[in-house]
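Worksheet: one structure, shown below.
The values are calculated or read from the model by the stated rules, or taken from the named source; none is laboratory data. Computed from a prediction, not measured in an experiment: that's the story for all the values here. Positions of Cβ are generated from backbone atoms using ideal geometry, with glycine treated the same way; all protein chains shown enter the neighbour counts.
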Amino acid sequence: MSWSHPYLLYLLPLALLPWVSRNTEKQIVWESLLPHDTVSTVMGYTLRVMASIVIAALIMAVAEPHIPEHTVQRSGQGAEVIILLDRSRSMDQPFARRHTYRLSTKMNFKESKRSVARYYLTEFVSSRPDDRFGYVFFSEQASGILPLTYSKETTLATIEAGGLGRGLTKTDISVALKKAGEMFDGEVYRGARIVLLISDGGQILSAEQEQRISQILQDNNLSLYWIYLRSVSGMTLDEMPGESVLWQGAPERHLHTFFKSLSVPYQAFEAGSLDEFAAAMKNIDQQHYQTLLVERKMPRESLADYFLWVAMVGLLLLTASQIYTWFGVSRAYRSTRH
Amino acid sequence: MRLSYPKRIFLTALVMLISLLMIMAALWLPPVDREIEVMDSLFVIDITDSMNVEDVSFGSETITRLDWAKEYTRQSILSMPCGSHAGLAIFSEARSLILMTPVEVCANYHDLMQMLSQFHPTMAWARSSEVSKALYTAIRQAKEITPQPTVVFLTDGHEAPPVHETLFPKFTDTPGEVPGVIVGIGGSDLVPIPKTNEFGEIEGYWEINEVMHKDVYASSRGDAAELNNNRPRTEHLSSQKKSHMETVSRRVGFEFISSPTSPQKLIKEMQKISDTRQQPVKYDLFVWLASIALILLLLVFLPYSLFTKQHE
């Protein structure tokens with residue numbers, strides 16, 4: 001329990017006032033004239049004690065006692081997800097355009113890959129109450145701008161920011177993956193850990209990079225999901241018989257092959273249309289309801305009401321006795337005047 | 001003045017009764033709605049190399065411009081009333097990149113600070129620092145956010161490559177449509193700029209022959225070229241470019257404050273120029289009611305007799 005205004009507690013000695021005050025006493029000539037009555041004496045002390053309690057309780061209530069905001073751990077259903085959203089320039093291109101041999105020159109489409117990714121990510125995050133999200137921003141360097149957090153507001157704000165403005169010219173997936181793994185360094189293992197990569201392209205990694213990424217994913221016990229936003233409809237990550245020769249050896253295929261060789265769980269979702277993207281997100285959503293230790297923020301709880309209750313009950317009795325006294329006194333005075 | 005005994009008893013009973021009603025009100029009166037003024041802000045922080053210069057003082061220490069910008073942003077966010085929103089963005093090359101759209105400052109303080117602490121020159125995606133263009137993109141992106149935030153642009157104003165006064169990048173939007181403040185950072189003396197390598201480590205300084213000293217576009221224009229050629233070759237050094245930032249801020253309808261000493265200065269400036277929103281907050285009156293009850297009770301029990309007896 002803590003106090004919002006602890007200095008007010010210095011006023012507590014005021015609770016002794018009822019013991020020095022003689023405001024409600026009648027002056028009499030000689031004290032020995034009073035008949036000795038144990039019940040009255042006890043009553044008098046009781047009323048004073050009660051008055052002290054009421055004053056003390058009020059002072060404490062005004063000092064605002066409360067249990068500060070705190071976190072409790074409980075088990076929930078969900079996962080810890082690091083979002084790697086590709087912010088490269090190519091993500092500004094339209095999602096799932098038809099396969100032509102000409103590149104589009106138009107920019108700022110309504111349905112750019114980035115805005116589609118943002119839309120579904122927002123849905124995904126909002127639909128998972130217990131998950132903890134992190135976000136890695138990467139260009140040529142990666143930084144974990146949003147360390148794992150329970151706050152939906154900041155997660156969504158970061159995802160939304162990812163959809164603003166134009167993309168960056170150079171992005172490096174390898175540093176991003178490495179950073180995503182590092183985000184779990186020093187974290188207690190709470191449950192399923194996911195790296196969610198959303199990109200429209202691949203990258204040919206050096207043997208050293210591959211080794212490092214594979215090591216860090218394995219060390220931190222991560223699962224990898226890749227939502228591959230197909231720029232050209234028809235192309236798949238796995239080679240298909242009779243496909244266009246242009247697609248062979250594409251960087252995304254290299255990356256896919258590397259991911260498949262990893263010892264950690266890996267799944268690729270190839271989204272060629274909005275429906276497929278939605279289905280991929282749904283699939284991940286369903287797979288990851290494992291038990292997870294979650295921290296719940298308990299809001300600050302005010303305890304002032306308890307003190308007010310004490311004060312109220314005490315004062316109710318005091319007031320009642322005082323009113324009763326007043327009735328008695330006024331009747332006595334009236335009768336003497338008659 | 002002395003009150004008769006029955007009167008004293010009556011008054012005591014009456015005051016106690018009022019006090020009792022106050023406590024009951026404190027217990028059961030529902031919280032009232034109170035309006036507070038909140039604002040939405042977007043902090044854009046310059047993370048270019050010139051921000052690594054250590055020439056600003058913070059307390060008794062001399063720290064880098066970037067550290068100062070981060071600390072100032074932190075203090076400003078802390079000074080905003082709960083219910084206000086703040087977003088974070090970085091600027092490098094010729095554009096601002098928003099990393100978090102405005103979120104409520106009190107509930108998300110921790111996350112805001114976590115993100116702010118990550119701001120580092122290694123996040124830069126290119127090695128130039130075109131302040132005015134970056135400012136324009138910040139304004140354009142701020143317009144896409146609802147409710148539209150007030151832009152706070154923290155920079156030393158160092159343009160690299162330099163721009164010639166007559167060949168300023170055009171600002172195509174309406175000045176003042178998006179309100180904002182430019183916060184100028186840095187000392188007034190020209191000092192060398194640390195150079196960072198790809199890992200963000202400082203590796204020597206930018207040399208005189210490694211940077212452009214004139215606006216390349218101006219060189220091809222007859223009139224400007226001459227002026228351009230006579231410019232001092234000092235672009236590898238950096239100081240707070242106050243006059244440049246003043247010009248830029250006038251162009252976009254922003255306010256300019258140079259090296260403010262307290263966050264209050266920024267907050268006041270922002271309150272003046274931005275459209276503050278009224279946000280109702282629940283306000284519990286119990287403290288006031290309980291205080292009245294307490295004061296009334298103390299009045300009942302104050303030992304008046306100690307003072308009055310002496311006069312008798």
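Mind listing whichever residues of segment B:211-268 are of a type in the set (S, T, N, Q) and modelled with pLDDT of 70 or more? Across segment B:211-268, the qualifying residues are B:THR234, B:SER238, B:SER239, B:GLN240, B:SER243, B:THR247, B:SER249, B:SER258, B:SER259, B:THR261, B:SER262, B:GLN264. For B:SER4, work out the one condition from (1) facing chain A (nearest Cβ under 10 Å); (2) under 21 Å from B:LEU289 (Cβ atoms) it doesn't fulfil. Going through (1) facing chain A (nearest Cβ under 10 Å); (2) under 21 Å from B:LEU289 (Cβ atoms) one by one, B:SER4 breaks only (2).
Hey, could you check segment B:58-79 for residues that are surrounded by fewer than 16 Cβ atoms within 10 Å (Cβ to Cβ) and hydroxyl-bearing (Ser, Thr, Tyr) and say which is nearest to B:LEU266 (Cα to Cα)? Of everything passing the filter in segment B:58-79, B:SER79 is nearest to B:LEU266 (Cα to Cα). Taking the residues in segment A:124-151 that are in contact with a helix residue (DSSP H, G or I) (Cβ under 6 Å, 6 or more places away or on another chain) and part of a helix (DSSP H, G or I) as candidates, determine which candidate is nearest to A:LYS113 (Cα to Cα). Checked segment A:124-151; the qualifying residue nearest to A:LYS113 (Cα to Cα) is A:PHE124.
Total residues in segment A:210-254 satisfying the condition of being within 30 Å of A:GLY78 (Cα to Cα) and modelled with pLDDT of 80 or more: the figure is 21.
Without any contact (Cβ under 8 Å) to a residue 12 or more places away in the chain, out of contact with any Phe, Trp or Tyr (no Cβ under 8 Å at 6 or more places or on another chain), crowded, with 19+ Cβ neighbours inside 10 Å and within 14 Å of another protein chain (Cβ to nearest Cβ): is that true of A:GLY134 in this structure? In short, no.
All of A:ALA63, A:ALA79 fail the test of being more than 26 Å from A:GLY181 (Cα to Cα) and either touching a strand residue (DSSP E or B) at 6+ places or on another chain (Cβ under 7 Å) or without any contact (Cβ under 8 Å) to a residue 24 or more places away in the chain (or both), apart from A:ALA63.
Looking only at segment B:126-135, decide whether some residue is among the aliphatic types (A, V, I, L, M), surrounded by fewer than 24 Cβ atoms within 10 Å (Cβ to Cβ) and assigned by TED's automatic domain parsing to the domain that holds B:THR174. Steps first, please.
Within segment B:126-135, the subset among the aliphatic types (A, V, I, L, M) is B:126, B:131, B:134-135.
Imposing the further condition that a residue be surrounded by fewer than 24 Cβ atoms within 10 Å (Cβ to Cβ) reduces the set to B:126.
Okay, now just the ones that are also assigned by TED's automatic domain parsing to the domain that holds B:THR174, so B:126.
Looking through segment B:126-135, at least one residue is among the aliphatic types (A, V, I, L, M), surrounded by fewer than 24 Cβ atoms within 10 Å (Cβ to Cβ) and assigned by TED's automatic domain parsing to the domain that holds B:THR174.
Taking the conditions (1) surrounded by 18 or more Cβ atoms within 10 Å (Cβ to Cβ); (2) hydrophobic (A, V, I, L, M, F, W, C); (3) out of contact with any helix residue (DSSP H, G or I) (no Cβ under 9 Å at 6 or more places or on another chain) in turn, A:ILE216 satisfies each one other than (3). Within the span defined as segment B:12-19, every residue fails to be at pLDDT 85 or above and either away from every other protein chain (no Cβ under 12 Å) or in contact with a His (Cβ under 8 Å, 6 or more places away or on another chain) (or both). Scanning segment A:26-48 turns up at least one residue that is modelled with pLDDT under 85, touching a Phe, Trp or Tyr at 6+ places or on another chain (Cβ under 9 Å) and not basic (Lys, Arg). Selection of segment B:85-115 for residues being under 13 Å from A:PHE137 (Cβ atoms), surrounded by 22 or more Cβ atoms within 10 Å (Cβ to Cβ) and not hydroxyl-bearing (Ser, Thr, Tyr) yields B:LEU88, B:ALA89, B:ILE90, B:LEU97, B:ILE98, B:LEU99, B:MET100, B:MET115. Residues in segment B:86-139 that are among the charged types (D, E, K, R) and more than 8 Å from every other protein chain (Cβ to nearest Cβ): B:GLU93, B:ARG127, B:GLU130, B:LYS133.
Scanning segment A:33-69 for residues that are of a type outside the set (Val, Ile, Thr) and exposed (fewer than 12 other Cβ atoms within 10 Å of the Cβ) gives A:LEU33, A:LEU34, A:PRO35, A:HIS36, A:ASP37, A:SER40, A:TYR45, A:PRO68, A:GLU69.
For segment B:83-101, the criterion of a residue being more than 28 Å from B:GLY253 (Cβ to Cβ) and modelled with pLDDT under 90 is satisfied by no position.
If only residues of segment B:9-25 that are closer than 19 Å to B:LEU299 by Cα and either touching a residue at least 60 places away in the same chain (Cβ under 8 Å) or touching a Cys at 6+ places or on another chain (Cβ under 7 Å) (or both) are counted, the one that is surrounded by the fewest Cβ atoms within 10 Å (Cβ to Cβ) is B:ILE18.
Can you confirm whether B:ILE45 is touching a helix residue (DSSP H, G or I) at 6+ places or on another chain (Cβ under 6 Å) and part of a helix (DSSP H, G or I)? Outline the logic, then answer.
Numbers: touching a helix residue (DSSP H, G or I) at 6+ places or on another chain (Cβ under 6 Å): yes; part of a helix (DSSP H, G or I): no.
Here the answer is no, as B:ILE45 does not meet what is asked.
Consider segment B:159-171 and keep the residues that are in contact (Cβ under 8 Å) with a residue 24 or more places away in the chain and assigned to a loop (DSSP other than H, G, I, E, B). The one that is surrounded by the fewest Cβ atoms within 10 Å (Cβ to Cβ) is B:PHE168. Every condition in (1) more than 14 Å from every other protein chain (Cβ to nearest Cβ); (2) in a helix (DSSP H, G or I) holds for A:THR154 except the one numbered (1).
Please verify whether segment B:31-46 includes one or more residues that are within 14 Å of another protein chain (Cβ to nearest Cβ) and more than 21 Å from B:LYS268 (Cβ to Cβ). Walk me through it before giving the result.
Here is the first cut: in segment B:31-46, the ones within 14 Å of another protein chain (Cβ to nearest Cβ) are B:31, B:40-45.
Those still in the list that are more than 21 Å from B:LYS268 (Cβ to Cβ) too: B:31.
Checked against the condition, which is being within 14 Å of another protein chain (Cβ to nearest Cβ) and more than 21 Å from B:LYS268 (Cβ to Cβ), segment B:31-46 yields at least one hit.
As a summary of the residue check, A:PHE184 satisfies the conditions (1) crowded, with 21+ Cβ neighbours inside 10 Å; (2) within 18 Å of the chain's Cα centre (by Cα); (3) not in a loop (DSSP other than H, G, I, E, B) except for the one numbered (3).
For segment B:269-287, name all the residues that are part of a helix (DSSP H, G or I) and either within 14 Å of chain A (Cβ to nearest Cβ) or surrounded by 14 or more Cβ atoms within 10 Å (Cβ to Cβ) (or both).
Of the residues in segment B:269-287, the ones part of a helix (DSSP H, G or I) are B:269-273, B:286-287.
Within segment B:269-287, B:GLU269, B:MET270, B:ILE273, B:PHE286, B:VAL287 qualify.
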